[in-house]
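Following: one structure in structure tokens, then a few remarks.
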Amino acid sequence: MLRWPLIRLLPEKTNLHFVGVARLMGFLSIVAVIGSLGLCFTQGLTLGIDFKGGTVMDVAQVGRPVDAGLVRSTLNSLKLGDVEVQTFGTQGAVQVKFQTPTGADPASTATLVTQKLSAALAPGQVTFSNTSVVGPKVSGELFRSGILALGIAIFLMLLFIWFRYQLQFGLGAVAALFHDVILTFGLFAIFRLEFTLTSIAAILTIIGYSMNDTVVVFDRLRENLRKYRKSPLREVIELSINETLSRTVITGLTALLALGGLAFFGGEALRTFAIALIFGITVGTYSSIYVASPIILLWGVKRGDEDEPSLVGPAAQAAMARKAADAKAKAREAGR
């Protein structure tokens, strides 16, 4: 079986001390979350047409597909603010969205756009259809609905983890999700990235990926808690993270490679979506290790009292067995 040679560079088993720096990383996470919230409330998000309102229309050209790049450059030259151009259908039609400048009449702006596009796409007959204006009120309701969708998704994740594991696991997973979502909002705020419905889809995808990564660690942690019931919780958590680390790294790198190509070659419309996912997957992997797991360590878990194997290595176990045997022998001699 052919294998990628660089995969061999990844160790099959690691022994990294994640829990030892959990306090420091937790402090940094809290600072990052507070900073992101501060930016979101003071600076705000750069809302796109979906959340600010604007005009939507379909543009088609008889006998040929519409040049989407030419349409986008023409609209940008009119200084209409945020502009979106999406191709749809089999005839090469495009849907354009643009904002109405402050103080301008939406109908007059739409007429100007049709005139400029007709001149730019000449020769050929250009048709405009399904023109509609999305007002700020509708856009505000859409924004609230998007935020509500994020809240419902996180709540359902809490219920899933609660029923699958324990409440402590659910709290750790939800804390990690809030961490990832808030930092992603901070990314949009600090770099003034346009926040659209596509951004909501990106954040929902980040929630799913982060939860998947956290569940992988939790599954191994639950297995090790049953196996090593006499071992300290700190050691069991560290063992579980190390055992799932190679899988986490390979999965994350694979996703980042695909998203990197999407960010560079996917065009302007998909660049923000890809950047948000790249950032979200990175912090999602981080939060599974340094947010979800340390919360379980702080909260504690229910464990049985049955005798189970220990995390002590074979050599140490053999030494302990010899000491026990020597102690029994000395006790028998003393009894004589």
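Where a number appears in this text, it was derived from the coordinates with a stated rule and is not lab data. The model shown is predicted, which means the values in this text are computed figures rather than measured ones. Note that each Cβ is placed from the backbone with ideal geometry, even for glycine, and that neighbours are counted across all protein chains shown.
Give the relative contact order (percent, whole number) for region 169-284; include only Cα pairs under 8 Å separated by 6+ residues. List each step's numbers first, then the result.
On the way: 87 pairs, mean separation 43.4, N = 116.
Normalised by residue count, the contact order of region 169-284 is 37 percent.
Just rank Leu298, Leu75, Leu204, fewest to most, by other beta-carbon atoms within 10 angstrom.
Numbers: Leu298 11, Leu75 22, Leu204 15.
By the 10 Å Cβ count, ascending: Leu298, Leu204, Leu75.
Please work out how much length the chain gains when fully extended from Val62 to Arg144, using 0.36 nm per residue of separation minus the C-alpha to C-alpha distance, in nm with one decimal. If you can, show how the numbers build up before the last one.
Working: separation 82, 0.36 × 82 = 29.52 nm, distance 3.94 nm.
Going from the current span to full extension adds 25.6 nm.
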